[in-house]
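Quick note: the coordinates plus some simple rules give every number you see, no bench work behind them. Please read all numbers here as calculations on a predicted model, not as lab measurements. Neighbour counts are summed over all protein chains in view; Cβ atoms, including those assigned to glycine, are modelled from backbone coordinates with ideal geometry.
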Amino acid sequence: MTTISRNQAPPPQRTVARSAAPSVVWLDVARVCAMLAVLGVHAVAPVVTTAYTELGSPTWWTANLVDATLLWCVPVFIMISGALLLGPRSEGLRTFYRKRFTRIGIPLVVWSGVYLLWEMWRSGIGAREAFRELLSGSPSLHLYFLFVLAGLYLLTPFLRVLVEYAMTPTLWCFAGLMSVVGMADQAIVALDGVGEPNAATRFLPFIGYYVMGYLLRDIEMPRARLWIAGVVFLVGVAGTAMGAALMASVEGEWGRLARYFYDYLSPTILVTSVAAYLVFQALGARLSKRHEEGRSSGPSRLLTPLANLSFGVFLVHVLVLHTLRDVTGIPDSPLLMLATTAGLAGVSLVVSLFVTMALRRIPWLRATV
């Protein structure tokens, strides 16, 4: 605990009192749901990008709506990290960096190598192209997330100082400003194709989400607010799906402008993600209350073990999903597409869970997941 001498002015009081650590239950709910949503996004994404159907077909529209409903997953993962890590702690720089970069650095190195070697075998890319993918901070379609986390962890000790001493309105202004900058960055990339992110800069547009995760972690969610969050979520989903469809129609293909609506810092994804985060908080609070009253059900007891495995599932699932999809393909029919992608996602989840549990039992490989 920090002591204050008689001659020192006390730090300004925050306008909202915050607990030292957030409730675990709702964060576990959010992590498990985000893990499932990532699987769903990666299962239906090739249909949206017209690899398995034509733009504007019933199958495409179905996949577009499903994808738009699930795209909150990565921002919510980032907000969860902010909720867990940005609270003031008596932890030195060396201790923090050793713990967090052991947690993220080893998986980043190992799985970047695994996926690049896999792509070299699967797609025939050369060593030079693989190295360029690594420098871009995206050695696989999902591993950019590790580069985002690494950058956010790098700033976390300094953001903690801001969080501890800044007034809540100041923090909201900072989070809002960084979100606007992030949205502008992705809009410029979508419009002009300049300013592509790389391994050193991928985290910068996500600072706003990271700080908002902390700011929103203790907000109370009575029934009225929960309904508002639900309505905002649906409006954001509709805006994402319709905006992407409109831009794709204008371009005549699934192009850069259409992809912008699927960017995690498009305005529609931002409001959808914040709404989803608040909904999970409300649901988790109700589960926590049931637990305290001794009315916990079997599924709720599985939350923490599943949440603890979510990072490993995230790392492993693309290998499994893409291997299965190379064999099965995806039919061009709305119902069959839904059944196939749900089956692929379900099998990938189960296999990834078992692989993660197996790796955790091997001493030299435990740190990779």
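Of the labelled figures (1) 123; (2) 199; (3) 167, only one reflects volume of the Cα convex hull per residue in Å³ as derived from the coordinates, namely (3).
With the cut-off at 1.5 for a/c, could you classify segment 204-246 from its C-alpha gyration tensor as rounded, prolate or oblate? Judged from the Cα gyration tensor, segment 204-246 comes out oblate (a/c at least 1.5, b/c at or above a/b).
Distance between the modelled labels on T328 and E253, one decimal in nanometres: 2.9 nm (7 Å Cα→Cβ projection).
Where does segment 33-80 land on Rg/Rh, using Cα atoms and the Kirkwood Rh? My calculation of the ratio gives 1.05.
Report the Stokes-Einstein translational diffusion coefficient (µm² s⁻¹, integer) for segment 158-288, Rh taken as the Kirkwood radius over Cα pairs, at 4 °C with viscosity 1.567 mPa s. Don't skip to the end; give the middle numbers.
Numbers: Rh = 16.2 Å.
Diffusion coefficient, whole number: 80 µm²/s.
The three principal axes of the Cα atoms in segment 77-218 give end-to-end lengths of 53, 39, 21 Å, sorted in falling order. Think of it as helices only: each DSSP H run of n ≥ 4 in the chain is worth -39500 (n - 2.57), and spread over all residues that comes to -24500 deg cm²/dmol at 222 nm. Across the chain, C-alpha contacts under 8 Å between residues 6 or more apart give a mean separation that, scaled by the residue count, equals a relative contact order of 27 percent. Every pair of different Cα atoms in segment 88-128 enters the Kirkwood calculation, which places the hydrodynamic radius at 12.3 Å.
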